[in-house]
Amino acid sequence: MQVKFYHDLYVSETWMNKKRKIMKKLKENRLQPGVYIITLAGGEQNNLEFYSSTLLKQRFFEKKELFVVGIADGYMDAVYMVERITDDVFRKTGETQIRRYLLARQDEYERTGR
């Protein structure tokens, strides 16, 4: 499984002090009960998906590339985080083209470092 992280990763307050450790474990596909990840959806027609990190152990994810935009503390926190991301994008753009906005920001960051 390939994991790439959004440069301005959304992280639950609960996990802020453990952010780097969680990211490392996600890259190593180590079990982390309670950790949910918010990713860009697999299909381009959709924006976001979220999973319990325990699901990443399934064979389905072995050859997947995941672009993680958020790390949440449990299911409800993941729901609230998706709402927060949607609200942030809407306030900045007046649209809900979340995928396009996040990828454009990531591309700009990778090109300019800002």
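Laboratory data are not the source of any read-out in this text; all were calculated from the coordinates shown. The shown structure was predicted, so the numbers you read here are calculated from the model rather than taken from an experiment. Cβ placement follows ideal geometry from the backbone for every residue including glycine, while neighbour counts extend to all protein chains displayed.
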In whole Å, how far is the Cα centre of region 89-109 from that of region 1-49? 18 Å
Order of 5, 90 - criterion: other Cβ atoms within 10 Å of each residue's Cβ, fewest first: 90, 5
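To the nearest 20 debye, what is the magnitude of the charge dipole of the chain about its Cα centre, counting +1 on the Cβ of each Lys and Arg and -1 on the Cβ of each Asp and Glu?
Approximately 580 debye in magnitude.
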Tail fraction, Cα-Cα pairs, the chain, threshold 23 Å, whole percent: 25 percent
